[in-house]
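See structure below.
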Amino acid sequence: MRKIGRLLAGQRFSKNWTRQAGDCAGGTSRRGLVLGVHEGCSQGEYKPTSTFARYDEKIGGKLMALIKGMKIEHGEAQVFSNVGSDFASVAVVNIGPEGLGYNEVERLDECKEAIRAGAAVGARALQDEGINQIFIEGFTNPEPAAEGATLAVWRYQELKDRADRYPDVKLELFENDDIDGWNRGKVKAENQNLARKIEETPANLMTPYIFGQMAVDSLCSCGIIVDVRDKDWIESMRMSAYLQVARGSCEPPIFVEISYCGLGGQNPVVLTGKGITFDSGGLCLKDCRGMSEYRGDLAGAAVIVGVMKTIAMMALPIDVIGLIPLAESMIGGMAAHPGDIVRARNGKTIMIEDTDNEGRVILADTLSYAQTYHPCLVIDVATLTPGIRKALGTSASGTWTNSNVVWRELERAGSETGDRLWRMPLWKYYKARITDYLGVDVNNVGKARGGGPNLGAAFLKEFLHEVDFAHIDITGTGMLSNGIGHPYLRRGLMTGRPTRTLVQFLYQIACPHVKGDEC
């Protein structure tokens, strides 16, 4: 047995596979197939899925004979070559025991996540074998299968010489009638990949202006209205806090408004995402080591673009406004100083004690502007604080909300998509820590010892009033993947999280239903 697998570092669903040669079959095209098995009662015993069983019967039982007694761990794939004339290679993935469902403790639909991971591991194994047309069984739910596979095979290679690029992978559903579910999963994952592409693009090639043009190109063809506002408009809206952050860069700020009208009513949902196209930290300069990751400090903005495109393609009956403030946070002669005080759009004064806490400053004006739409709900998505990465790692995005109803739906959406959220406190205790200052209304650091992510949420809440609000901090989840826990997100690439979770949340709001979709 010759090992050719490469382990995805430290994750539950490792991508560890073995290639086995079956009978040599002539005339085999370079197509691959992903099939699943469930764990049996003892090691080396497996129960095939119905699709596996039908295919195996067609080829004379060769696959079951090959895997009998073989150790295939949960979330691993074994690749077999030349077992039939239809496919060059077949990846067999262990998707765990039968009967998985919603786990109350984990707050996770483990059935859907197992399918997502199995499709991902199998597709990636075949991709690494050089197979670029991959058929995937639908398991019991083709939607998460499409999500996992589409996310797993994505690479960022727009800047490589065309001759050196890996070929694109074509994914197709194998012997399953639920084409609609498969297509929904592909749309969601492809638009998460759009967010990942935006996040990966170097800062010199994704300036505020370029981002605005990209939003127009990506969204207008879907029937979405995109308005790109310049610096003069920002000044006319009295967004002085936002402008103060942008002053250090030669790149002028751009404000993008995105309107999706799926219902034609009033009181839309407003989504806003932090759009710092590069974050140097300003005069409070970040450490040079690892600073390049902060090309992804526009992750919140990228997610908003991905979400808006998805809901338009799904034609959800809901009205959604996307607001994206774009700027670079740089050092320079005009850059904000620690200790500067600026007046936000709603009249409150802000002390910029730390120039590296710039995200909450640009969002302050954006949240104030959001209220002009008389929204029923405002959600912001931002890479706001390194503290949330220390607290939760990449497991879940920290979430603060003043509405139990909103939280219930957000939590449910995360359990459906496998991209979970975790509720954090939005207490008056933290409000006092950022407002208890002489001579200024709010401070962008705050007095508490620790609790930085909570202080950031409390700061943002000061610029909204009498509206349901949720803040999602994605510093741990929305930037570079560490390859742990989500095998469909390639290690070392941006994640695009939580695009699918927000789409699922909006679907639940637009089409209310008590139970999640069955796995």
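Read the figures in this text as sums done on the coordinates, not as results from a lab. What you see is a predicted model, and the numbers here were worked out from it, not measured in a lab. For neighbour counting, all protein chains shown are included, and Cβ atoms are generated from backbone atoms with ideal geometry for every residue, glycine included.
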Square roots of 5 times each gyration tensor eigenvalue, C-alpha, the chain, largest first, Å: 44, 22, 21
Amide H partners (placed H, <5 Å) of TYR102, local residues excluded: GLU110
Exposure proxy ranking, count of Cβ atoms within 10 Å, fewest first, for VAL153, VAL226: VAL226, VAL153
Charge dipole of the stretch 191-510 about the Cα centre (unit charges at C-beta), most positive-ward option of ILE484, VAL442, PHE255: ILE484
Computed [θ] at 222 nm, helices only, for the chain once each DSSP H run of length n ≥ 4 contributes -39500 (n - 2.57): -10000 deg cm²/dmol
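Of the beta bridges DSSP finds with both residues in the chain, what % are antiparallel, to the nearest 5? Intermediate results must be reported in sequence, preceding the final value.
On the way: 34 of 75 bridges.
Here the share of antiparallel DSSP bridges comes out near 45 percent.
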Reach of LYS515 by Cα under 25 Å, taken over lysines that are not fewer than 8 positions away in the same chain: LYS112, LYS186, LYS188
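For the residues LEU285, LEU171, LEU367, LEU326, what sequence is obtained by ranking on other C-beta atoms within 10 Å, fewest first?
On the way: LEU285 13, LEU171 24, LEU367 27, LEU326 30.
So the residues, fewest neighbours to most, are LEU285, LEU171, LEU367, LEU326.
Less than 10 Å Cβ to Cβ from THR277, Lys/Arg counted +1 and Asp/Glu -1: what total charge do the surrounding residues give? List each step's numbers first, then the result.
Numbers: positive: ARG295; negative: GLU251, ASP279, ASP297, GLU328.
So the surrounding residues net to -3.
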Neighbour-count order for LEU392, LEU506, fewest beta carbons within 10 angstrom listed first: LEU392, LEU506
Dipole moment magnitude, nearest 20 debye, the stretch 370-494 about Cα centre, only Lys, Arg, Asp, Glu C-beta charged: 540
5 angstrom amide H check on GLY96, placed H, neighbours 5+ away: GLU39, GLY75
Cβ-derived FRET efficiency at R0 22 Å, ARG408 paired with HIS374, nearest 0.05: 0.40
Of ASN346, HIS374, GLY300, farthest towards positive along the dipole that unit charges on Lys, Arg, Asp, Glu beta carbons give the chain: GLY300
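For the chain, what is the charge dipole size about the Cα centre, in debye to the nearest 20, if Lys and Arg each add +1 at the Cβ and Asp and Glu each add -1 at the Cβ? Provide the component values of the computation, followed by the final result.
On the way: 58 positive and 63 negative charges, 218 e Å.
Its charge dipole is roughly 1040 debye.
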Of HIS465, LEU506, THR401, farthest towards positive along the dipole that unit charges on Lys, Arg, Asp, Glu beta carbons give the chain: THR401
GLU328 long-range amide H proximity, modeled H, under 5 Å: THR277
